[in-house]
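Worksheet: one structure, shown below.
The values are calculated or read from the model by the stated rules, or taken from the named source; none is laboratory data. Everything numeric in this text was worked out from a predicted model, so none of it was measured. All Cβ positions, glycine included, derive from the backbone under ideal geometry; neighbour counts span all protein chains shown.
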Amino acid sequence: MVIEFLLLIILAWDGYFFLKYLLSLTKAPKTSALRPKVSLLMPAHNEEKTIGEAIRAALNLDYPDFEIIVIDDGSSDKTYDVALTFKDPRLKVVRIPHSGKARALNEGLKLSSGEIIATTDADGVLEGKALKGLVERFYADDVVAVGGQVRVQPRSFLEVVQDIEHLRIAMFRRAHELENLSVAPGPIAAFRRKALEAIGGFVNDPVEDYATTVALKGFGKVVYSPKAKCWVRMPTTLANLWRQRKRWFLGDLPKLGGGPLKEKVFLGISDIVAFFDVLFPVLAIFAGKFELLAVFLLFEVLTMATVVAVEGGYLVEVLAFPFVLWFLALFYLTLHVYGYLHLLFRKKQ
């Protein structure tokens, strides 16, 4: 009965969000036809290998009125020199002493002239309609920020795993966060200038995008735009992935602890389900309950196939999803336990 119970919980949890995702596809998100000027900020630190592709994609954006401001954050490589090779009246390139991403963004904010301030990364490739997708979601005066969809350029197996993860995030955001986005992600986000100025600019924090989103929610809504996409590079080794996600989670956790109760409850339930995701396949195999395992695999493959068909993806991501889900559940469960213990012992000191 334990194995059946675990499967029931997993299917109920995943099925709930999948059903909400399907329902979200039946109605278009609210949009606006206004096209105000946009200032796209691109902070960069030691990105000489990727910044050229990032600037090229930004210059090719399909939007009527925008400027690009590259802020070289004290790079020790040729990032600044590569950026200067692009000659376009819409592009400004400045160099500042190394002071961190948030401060670089705020330097760009000072130089900008747009009513809407957008952000991207120097290793990200924006899709052509990314700005339109962001700006059209400012459908009401109380929408202060919009976040887009982050995708991972799948150049290695671990990056395929992370793209699957971001497809799962895309499903969750359409289903649960379309009108209340938890974080406007740094690689693809847009903000009302007045709202940013009201909070004193981008928040200087190790996870500046999450901290800035939290601060802005005191002034209005942060919403999601599924049409706006940016392809980014991610860690290609497990050690680097752990270090990146540890920094993110340890930066997010103290803010989450002071947030709404429902966010804490949601995180707790998510961790319990992740534990079930890890435990169920192992128990099913050892108990010889292969028919239950087949139900689990079929359900997860079908849900992922739907997401890939809608959001764009690859067949390998559909077929690999159940195994990647197990890995990600184990990875994040371990990370979260580490984070909780780290926060607990830090409070006791």
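Worth pointing out:
- Residue that is surrounded by the most Cβ atoms within 10 Å (Cβ to Cβ), among those in the stretch 61-73 that are acidic (Asp, Glu) and part of a strand (DSSP E or B): Asp72
- Candidates are the residues of the stretch 13-37 that are of a type in the set (Ser, Thr, Tyr) and part of a loop (DSSP other than H, G, I, E, B); the one that is farthest from Phe138 (Cα to Cα) is Thr26.
- Phe202 meets each of the listed conditions (1) under 23 Å from His336 (Cα atoms); (2) touching a Ser or Thr at 6+ places or on another chain (Cβ under 9 Å) apart from (1).
- The stretch 122-132 - residue that is surrounded by fewer than 21 Cβ atoms within 10 Å (Cβ to Cβ) and in contact with a strand residue (DSSP E or B) (Cβ under 7 Å, 6 or more places away or on another chain) and, of those, farthest from Ala83 (Cα to Cα): Lys129
- If the condition is being among the polar types (S, T, N, Q), buried (at least 18 other Cβ atoms within 10 Å of the Cβ) and in a loop (DSSP other than H, G, I, E, B), then the stretch 38-60 contributes only Thr50.
- In the stretch 77-104, the residues that are more than 27 Å from Val207 (Cα to Cα) reach residues that are among the basic types (Lys, Arg) with C-beta atoms within less than 8 angstrom, at least six apart or across chains, in these pairs: Phe86/Arg56.
- Filter result (under 18 Å from Arg233 (Cα atoms), part of a strand (DSSP E or B) and among the β-branched types (Val, Ile, Thr)) within the stretch 141-194: Val150, Val152
- Filtered residue count, the stretch 20-29, keeping only those that are under 14 Å from Val307 (Cα atoms) and surrounded by 12 or more Cβ atoms within 10 Å (Cβ to Cβ): 5
- When Ile51, Ile55, Ile71 are screened for being of a type in the set (A, V, I, L, M, F, W, C) and closer than 28 Å to Ser182 by Cβ, only Ile71 passes.
- Residue count, the stretch 195-216 (criterion: more than 15 Å from the chain's Cα centre (by Cα) and under 24 Å from Arg233 (Cβ atoms)): 3
- Single match in Asp142, Asp123 (criterion: charged (D, E, K, R) and in contact with a Gly (Cβ under 9 Å, 6 or more places away or on another chain)): Asp142
- Count - residues of the stretch 126-139 that are touching a Gly at 6+ places or on another chain (Cβ under 8 Å) and either polar (S, T, N, Q) or within 14 Å of Ile68 (Cβ to Cβ) (or both): 1
- Close Cβ contacts (under 6 Å, 6 or more residues apart or on different chains) running from residues in the stretch 133-148 that are at positive phi and surrounded by fewer than 19 Cβ atoms within 10 Å (Cβ to Cβ) to residues that are assigned to a strand (DSSP E or B) and modelled with pLDDT under 95 are absent.
- Output for the stretch 99-121, where each listed residue is acidic (Asp, Glu) and either surrounded by 19 or more Cβ atoms within 10 Å (Cβ to Cβ) or not in a loop (DSSP other than H, G, I, E, B) (or both): Glu107, Asp121
- Boolean, Val308 is hydrophobic (A, V, I, L, M, F, W, C), in contact (Cβ under 8 Å) with a residue 40 or more places away in the chain and in a helix (DSSP H, G or I): yes
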